[in-house]
Each structure stands twice: as C-alpha cells, then as structure tokens.
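The next block holds one structure in the form of structure tokens; read it before the comments.
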Amino acid sequence: MKKFNFYVVASIVCMFFGIGFVRASDDGFLSITSKEDFEKCLQENKACRLFNNIALDTQKHITGNLILDLNGHSITADETLHLKSGLFTVGRGGKLTINDSKGTGKISTGSSGKTWAAIQLLKEDMGNGSAEVVINGGTIEGYYYGITGNGNLHNTKVTINGGAIKTLNKEDSVGIYQPQEGEIVVNSGTIQGGTGIEIRSGSLTVKNGTIEGIASQFIKMENANGTTTNGVGIAVAQHTTKKAINVSIYDGNISGQYAFYEWNPQKNSKEDLDKVHLHIYGGTFTGLATGVKSVYSEDVTSFIYGGTFTPKQTEYLTNDAEVTSKEVNGENIKLENNEKEENNILKWGALVVLMSSAIGFIFLKRN
C-alpha cells in the first residue's frame, strides 16, 4: 500500500511540474509519460510502455534491442521536424519491436510531408550486423513510406505479424519499400500505400495478411534513386544494383490497379533479370483497373502455381497450376491442372488418336 501511495504522489508531482517519471511495471516494461522518459528508454535499450502521447522534435536512432508497447497511445513527429528519412531509424545491430496492448496505438509522421517515413532501416553505414524491425501491432504511418530502407545499405529484415503499415499520401507512396538486399516477411496485418510493397532487391515472403495499392491510377517510371511503381499491391522492379530478388506468396489478399506487377525500369540485362525469381502458390489477387490482368510480369513467364484471381488469369501459369478465377460477371471458374492451351490441344489430340487405334484394333480382332 505504501508503495502504491508513493507512485500516486510521485506521478501527481511529476505531472504538475512537467517532470518525466520512469518506473518498471510488473512485467518488466518501463512506463513512459514524456519525451525525457522515452529518451532514457532508447539510451538504455529497455522494454517500454507508453502512458501518454508523445510528439518528437528530433529523429530517434535504434542501435540496440528496443521493445516498444504503444499501449493505445501515439508517437508523432512535431510540426517543426523536417526529415527526408525516418522518424525512427534502425542501425546495424539494432532491433525495433512494436507491440500495442490496447490496439489503438500509432507511430505517425503526420500529414504535412515534412517527415517522409515512420521507420527507416540503415540510414547510415555504421555498426555491425543486421538491422531488424518487427511489427506485432499498432499503426505505423508515414507520409511517403511506412517502412523504408536504403538501396546502398544491405542486410535488413522486416517482419509483419500484425497491425497496419500505412501511408498518408494516398497517390505517391509505398507502404513498405525495399531497395536494399534484405528480407520482408508478412505473416499477417495490413500494408497499404499508393503501392503496398515495392521490392527492388532481396526477398519477400507473404504468408497471409492484406496488401493494398490504393492510388487511383497506375503509374510507372524509371528511377535510379527511389520508387518506380504506383497503384500496385506488390511491385517488383530490379534496382540499378542488379541484386537478386526472390518473391514467394502463399496466401493473403493482394489488390491494386494491378495486384502484382513486375518490370525492368532500369533496362537491366537478361543475365541480371535471371536473378529475379517469382512464385505465387496461393492468395487472392484483385486487379481494379479496367482491362488489366490481376498479375503482370515483363520478364518472368511461368510462376503461378495457385491462387484466386480477379479478373481471370490465364498467363504465367505453371503446367500443374490450380487456379480459381472470378469473371467480371461473378461466375467462378475452377481451373485444375491448367496447362497452356496448346498443351491441352496436344493432349486431346493424342487421346483421340489413342482411342481411334484401340477401336481399330478391336474391329480388326473381331473380323
């Protein structure tokens, strides 16, 4: 009881005088009520839990292992802050884990456009090891990028287990942008931007979740130093660095003007493009633009093993693909063991010849 009274009195005093007060909760999280508290948490690489909304007037760098529970509260960029990078940056050897025990927490750059990204991996080439971000809950929203990397600084990992990654600029933005050689794993949650995810290097694995490109128009352009594609659920565009790309999609809901779009904006050679590997095993793909396919690829020809597609998808299917396509009129068509049309014609032709031979053999035997 005395301990409780002490904390109550101390909290009232701190609130009255504007003094930050940090104490550990029963589960080991430090309670954060001010910018000063939060700064101490960053310096000591503690597990922290917010109990107030905080506006940051300086960029925050993560170099250790920080676990942050938003606890229903918000961390926002102050109007005075101008950053062409992330409100939070994660350096080599750093790991940032975002939880939200109440479900309404948020990290936001605000809609002014003065701060570009909520979280950036490897703003500088310092330290050792990889940079890692894990999102388990809360909303991560940036003006141009929710989460972004750096095309010249590699060895990163982003894991989305829940929550929402969003952008505030609806027409020219990317929820998660990966120009670097890194890894993105989407297990659940929602990723939304002008384009949901653009990967220019490294790997992307989607096991579930919702990925949306919400821009009203499909736009693409060559860009040696930034994003290339807008209005797409998942965009694949090999960078000038010519690194390998590996994309595997097992499930999830992907939508945009094109749900999935791969192209070669930098005119890289065939040898470079041979390092681009695409695999769609399942998931629901919805193309919103009139007259487009759900999935388009400029450079890879056979990579759809399964899934559900609107409009109907007949290109890029492997010979043993199991695909459900939904026509515009709402009719569902199940295409099991769908092969290229010419292969099916050959199969039916061979079957007719075989049946004709069998009938002829029976006829001759009887006579």
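If you go through the range 270-307 and keep only what is assigned to a strand (DSSP E or B) and in contact with a Phe, Trp or Tyr (Cβ under 7 Å, 6 or more places away or on another chain), you end up with L278, H279, I280, F285, G287, V295, Y296, S297, I304, Y305, G306, G307.
Filtered by the rule that a residue be of a type in the set (V, I, T) and closer than 19 Å to V276 by Cβ, the range 159-184 gives V174, I176, I184.
State whether one or more residues within the range 171-178 are surrounded by fewer than 24 Cβ atoms within 10 Å (Cβ to Cβ) and over 26 Å from G103 (Cβ atoms). Lay out the reasoning, then the answer.
Step one: filter the range 171-178 for residues surrounded by fewer than 24 Cβ atoms within 10 Å (Cβ to Cβ), giving 171-172.
From the residues that got through so far, the ones that are over 26 Å from G103 (Cβ atoms) too are 171-172.
Scanning the range 171-178, I find at least one residue that is surrounded by fewer than 24 Cβ atoms within 10 Å (Cβ to Cβ) and over 26 Å from G103 (Cβ atoms), so the answer is yes.
I'd like to know if the range 254-272 contains one or more residues that are aromatic (F, W, Y) and touching a residue at least 60 places away in the same chain (Cβ under 8 Å). No; the residues of the range 254-272 include none that is aromatic (F, W, Y) and touching a residue at least 60 places away in the same chain (Cβ under 8 Å). Considering the conditions (1) of a type outside the set (D, E); (2) part of a loop (DSSP other than H, G, I, E, B); (3) at pLDDT 95 or above; (4) open to solvent by 10 Å² or more (accessible area, probe 1.4 Å), S255 is excluded by exactly one of them, (2). Quick one: how many residues across the range 47-89 are in contact with a helix residue (DSSP H, G or I) (Cβ under 8 Å, 6 or more places away or on another chain) and farther than 25 Å from K114 by Cβ? Total satisfying the criteria: 1. Residues in the range 88-105 that are of a type in the set (V, I, T) and not in a strand (DSSP E or B): T104 alone. Flag set for E181, criterion: charged (D, E, K, R), more than 13 Å from the chain's Cα centre (by Cα) and either buried (at least 20 other Cβ atoms within 10 Å of the Cβ) or under 28 Å from S85 (Cβ atoms) (or both). For the range 184-201, the tally of residues that are of a type outside the set (A, V, I, L, M, F, W, C), in contact with a Lys or Arg (Cβ under 8 Å, 6 or more places away or on another chain), assigned to a strand (DSSP E or B) and open to solvent by less than 10 Å² (accessible area, probe 1.4 Å) stands at 1. Considering the range 240-252 alone, what residues qualify as being touching a Gly at 6+ places or on another chain (Cβ under 7 Å) and within 18 Å of T308 (Cβ to Cβ)? Answer for the range 240-252, where residues must be touching a Gly at 6+ places or on another chain (Cβ under 7 Å) and within 18 Å of T308 (Cβ to Cβ): I249, Y250, D251, G252.
Residues that are open to solvent by less than 10 Å² (accessible area, probe 1.4 Å) and of a type in the set (A, V, I, L, M) were ranked within the range 79-117; the one that is nearest to Y177 (Cα to Cα) is A117.
The values are calculated or read from the model by the stated rules, or taken from the named source; none is laboratory data. Small disclaimer: the values here were computed from a predicted structure and weren't measured. Counting neighbours? That spans all protein chains shown, and the Cβs are built from the backbone with ideal geometry, glycine included. Areas reflect the complete protein model, heavy atoms only, side chains present, ligands, DNA and RNA absent. Shrake-Rupley method; radii C 1.70, N 1.55, O 1.52, S 1.80 Å.
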